[in-house]
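These notes concern the structure reproduced below.
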Amino acid sequence: MALYLVQHGRSRPKDVDPDQGLSDEGIAETKRIAEVALNYRIQVALIKQSGKKRARQTADIFADTLQPAGGVEETAGLKPMDDVSAFAGGLDAGANVMLVGHLPFMERMAAYLVTGSADRPIFKFQNSGIVCLDKDPNSGAWIIVWALMPKIG
């Protein structure tokens, strides 16, 4: 079972699209990462997204490819500056949920789950990338199991 953290795909500049929907590159990268996840047989039961256009579009692309039984739902608490500790309290490691949101929230969430402090960076996210976390069966601590990023380096 796992928790998948995803930073939304690359978006258009605010002066081009005030809602900052995904750019063509963002759509292509997200589709590519979703296909790789499918080929690795990643199982997602539900995708939760922040409600911002770029997160919704990213979540929809992952949902079209991975076909989560629970679909996609807009969820409060995933905005860029939301409190990760408040959101973390409701997480279920056994649910195979994908969270699609923004920086700095995603990086702060990963840090908080693994170290107990949102202010101790542990991973540099990329647009459309997936960081998979799970709870260690022996210690009950959250650990990073793997990451799938559009670019290496």
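Rule-based calculations on the coordinates, nothing more; no lab input. This is a predicted model, so every value here is computed, not measured. Backbone-built Cβ (ideal geometry, glycine too); neighbour counts: all protein chains shown.
Per-residue ellipticity at 222 nm for the chain, helices alone: DSSP H runs ≥ 4 residues times -39500 (n - 2.57), over residue total, nearest 500 deg cm²/dmol? Kindly include the intermediate steps, with their values, before the conclusion.
Details: 4 runs with 46 residues, N = 153.
After summing the helix terms and dividing by the residues of the chain, the value is -9000 deg cm²/dmol.
Provide, as a two-decimal number, the C-alpha radius of gyration of the chain over 2.2 N^0.38 Å, N being how many residues it has. Write out the running numbers ahead of the final one.
Numbers: Rg = 14.4 Å, N = 153, 2.2 N^0.38 = 14.9 Å.
The chain yields a ratio of 0.97.
The lysines within cross-link reach of Lys52, meaning a Cα-to-Cα straight distance under 27 Å and a gap of 8 or more places when in the same chain, are Lys14, Lys31, Lys79, Lys124, Lys151.
Which part of the range 65-82 falls in the paramagnetic zone of Leu38, meaning amide N under 15 Å from the point 7 Å along Cα-to-beta-carbon? Only 65-69 pass the distance filter.
Test of understanding: what is the full-extension gain from Lys151 to Asn138, defined as 0.36 nm times their sequence separation minus their Cα-Cα distance? Each step should come with its number before you reach the end.
Numbers: separation 13, 0.36 × 13 = 4.68 nm, distance 3.27 nm.
Value of the extension gain: 1.4 nm.
Relative to the longest principal axis of the Cα atoms of the chain, the long axis of helix 105-115 lies at roughly 10 degrees. Quick check: the distance between the Cα centres of the range 7-33 and the range 65-102, to the nearest angstrom? First find each Cα centre; the distance between them is then 20 Å. Rounded to the nearest 10 degrees, the angle from helix 53-66 to the longest Cα principal axis of the chain is 70 degrees.
Quick check on packing: order 78-84, 137-143 by the mean number of other C-beta atoms within 10 Å, highest mean leading. Could you put the intermediate results ahead of the total?
Numbers: 78-84: 15.6, 137-143: 10.3.
So the order, starting with the most tightly packed, is 78-84, 137-143.
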